[in-house]
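Notes follow the structure.
The values are calculated or read from the model by the stated rules, or taken from the named source; none is laboratory data. Fair warning: this is a prediction, and the values are worked out from it, not measured in the lab. Please note: Cβ atoms are built from the backbone with ideal geometry, for glycine as well, and neighbour counts cover all protein chains shown.
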Amino acid sequence: MSLSRPTGTDRAEEEPADYCVLSGDSVGSEIADRLHADGHDVQLLDVGPPVDDSREPQSPVVAELDGVPTVVVATRSDGRNLLLAQQAETRFDVDRVLVLVHDPPRLESFEAAGHEPVCATTALSDAVIDEL
């Protein structure tokens, strides 16, 4: 789903989106919807489970990242998120990669890899505490 691409246009003639959200679930959809509602040009790319055990993302998916300045990686798997983030930074001209991390002890690994991690567990816990 591309929130910024009207039907019938040629992608090659368009500027890249401001943000690209790589996900396969409701978290990524919500992130993309909120960015879009704030007036940003956003692409939401479904990177569902890998087809085989290689854990390599589908090449058409990663090809969509070319020229996008900011990528948000938000799948349900920390390992998959790390792999996708590394590919976004090493294969494409991506300025910034934010990565969802589910297990707080893994934050340091994501930071050491040069990514900007956002801990889902901490964010959810903080939101619940703020509501109490």
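Okay, here's what the table says:
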| item | result |
| --- | --- |
| Selection within region 99-113 - touching an Asp or Glu at 6+ places or on another chain (Cβ under 7 Å) and either of a type in the set (Ser, Thr, Tyr) or surrounded by fewer than 19 Cβ atoms within 10 Å (Cβ to Cβ) (or both) | 102, 103, 106 |
| Residue that is modelled with the lowest pLDDT, among those in region 41-73 that are touching a Phe, Trp or Tyr at 6+ places or on another chain (Cβ under 6 Å) and of a type outside the set (Val, Ile, Thr) | 66 |
| Residue check for residue 96: within 22 Å of residue 33 (Cα to Cα) and in contact with a strand residue (DSSP E or B) (Cβ under 9 Å, 6 or more places away or on another chain) | yes |
| Residue within region 81-93 that is among the hydroxyl-bearing types (Ser, Thr, Tyr), assigned to a helix (DSSP H, G or I) and under 24 Å from residue 33 (Cα atoms) present | no |
| Selection from region 108-132 of residues that are assigned to a helix (DSSP H, G or I) and either over 17 Å from residue 76 (Cβ atoms) or touching a residue at least 40 places away in the same chain (Cβ under 8 Å) (or both) | 108, 109, 111, 112, 120, 125, 126, 127, 128, 129, 130, 131 |
| Neighbours by Cβ (under 6 Å, 6+ apart or cross-chain): first from region 1-30, among the hydrophobic types (A, V, I, L, M, F, W, C); second part of a loop (DSSP other than H, G, I, E, B) and modelled with pLDDT under 90 | 17/4; 17/68; 20/65; 20/68; 22/47 |
| Residues of region 1-29 that turn out to be hydroxyl-bearing (Ser, Thr, Tyr), in contact with a strand residue (DSSP E or B) (Cβ under 8 Å, 6 or more places away or on another chain) and at pLDDT 50 or above, as a count | 3 |
| Every pair of residues 6+ apart whose Cβ atoms lie under 8 Å, when the first sits in region 64-91 and is within 19 Å of residue 112 (Cβ to Cβ) while the second is basic (Lys, Arg) and in a strand (DSSP E or B) | 71/96 |
| Residue 109, sole failed condition from (1) over 15 Å from the mean Cα position of the chain (by Cα); (2) among the small types (Gly, Ala, Ser); (3) under 18 Å from residue 44 (Cα atoms) | (3) |
